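J.: One structure is given below, represented as structure tokens, and several questions about it will come after.
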Amino acid sequence: MKYILTVSILFILELAFAQTRYPEFLQGTWKMENQEVYEHWDKVNESALKGFSYTLKDAQMLISEYLDITIAKNEVIYTATVLKQNSGKGVSFKLTKTDSTFIFENPKHYFPKKIVYQKLNDAEIFVQVSDGKQKGFAYKMQKQFHDIEQKD
């Protein structure tokens, strides 16, 4: 009986932990394949990532949106605040599925309704942005390691 109780408690704890996972692998700078488009993410604490998306033009960083992934009340929320859109207000998407693929959805938003981050390996992710049906786009991003190690 003690064994069953222990296993049950571990299972419940695992479920609770699984529901509060967020994509820590996003930390760092990512570059879109074949384009000068980047995302940079920093871990703020155990329940938040903050980031921004930008392009490089003539060696100048042009920020296009601010990004947040936070855990609150056992929910993981992805919020995108696109500059010069939506009166400067962020649009939130709730995490609906997680494993190596993190799916964030907001069925009430006109576009996108679904944002997906899939870890392919430590240096590459696959991102999908869609209406959850046929409209959308996808791309790969590579991790940028140039600022991680410097040799003397």
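The values are calculated or read from the model by the stated rules, or taken from the named source; none is laboratory data. If you're wondering where the values come from, they're calculated on a predicted model, not measured in any experiment. Heads up, the Cβs are rebuilt from the backbone with ideal geometry, glycines too, and the neighbour counts pull from every protein chain shown. For accessibility, only protein heavy atoms count, side chains too; no ligands or nucleic acids. Shrake-Rupley method; radii C 1.70, N 1.55, O 1.52, S 1.80 Å.
J.: Give the range 81-115 a look and list any residue that's touching a Gly at 6+ places or on another chain (Cβ under 9 Å), within 17 Å of GLY132 (Cα to Cα) and modelled with pLDDT of 95 or more, or say none.
T.: GLU105, PRO107, PRO112, LYS113, LYS114
J.: Please specify each residue of the range 92-123 satisfying the condition of being in contact (Cβ under 8 Å) with a residue 24 or more places away in the chain and of a type outside the set (A, V, I, L, M, F, W, C).
T.: Of all residues in the range 92-123, those in contact (Cβ under 8 Å) with a residue 24 or more places away in the chain come to 95, 98, 102, 104-105, 107, 111-112, 115, 117, 119, 122.
Those that are in contact (Cβ under 8 Å) with a residue 24 or more places away in the chain and of a type outside the set (A, V, I, L, M, F, W, C): THR98, GLU105, PRO107, PRO112, TYR117, LYS119, ASP122.
J.: The conditions are (1) within 14 Å of the chain's Cα centre (by Cα); (2) of a type in the set (D, E, K, R); (3) buried (at least 16 other Cβ atoms within 10 Å of the Cβ), and LYS113 fails exactly one of them. Which is it?
T.: (1)
J.: Among the residues of the range 128-144, write down those that are more than 21 Å from GLU75 (Cβ to Cβ) and either touching a residue at least 24 places away in the same chain (Cβ under 8 Å) or touching a Leu at 6+ places or on another chain (Cβ under 7 Å) (or both).
T.: Listed by number, the residues that qualify are LYS135, GLY136, TYR139, LYS140, MET141, GLN142, LYS143, GLN144.
J.: I'm trying to understand the selection: among the residues of the range 128-147, which are surrounded by 10 or more Cβ atoms within 10 Å (Cβ to Cβ), of a type in the set (Phe, Trp, Tyr) and within 21 Å of PHE93 (Cα to Cα)?
T.: Of everything in the range 128-147, just one residue is surrounded by 10 or more Cβ atoms within 10 Å (Cβ to Cβ), of a type in the set (Phe, Trp, Tyr) and within 21 Å of PHE93 (Cα to Cα), namely TYR139.
J.: Filter the range 58-88 for residues that are among the charged types (D, E, K, R) and within 22 Å of LYS143 (Cβ to Cβ); which is farthest from the chain's Cα centre (by Cα)? Please lay out each step first, then the result.
T.: Taking the range 58-88 first, the residues among the charged types (D, E, K, R) are 58, 65, 68, 73, 75, 84.
Next, from what is left, pick out any that are within 22 Å of LYS143 (Cβ to Cβ): 65, 68.
Details: GLU65: 13, ASP68: 8 Å.
Residue satisfying both the conditions and the ranking: GLU65.
J.: Filter the range 84-99 down to the residues that are of a type in the set (S, T, N, Q) and on the phi > 0 side of the Ramachandran plot, then identify the one that is least open to solvent (accessible area, probe 1.4 Å).
T.: Checking each candidate, the answer is ASN86.
J.: Shifting gears a bit: Name the single residue, out of those in the range 52-83 being without any contact (Cβ under 8 Å) to a residue 12 or more places away in the chain and not aliphatic (A, V, I, L, M), that is most open to solvent (accessible area, probe 1.4 Å).
T.: LYS73
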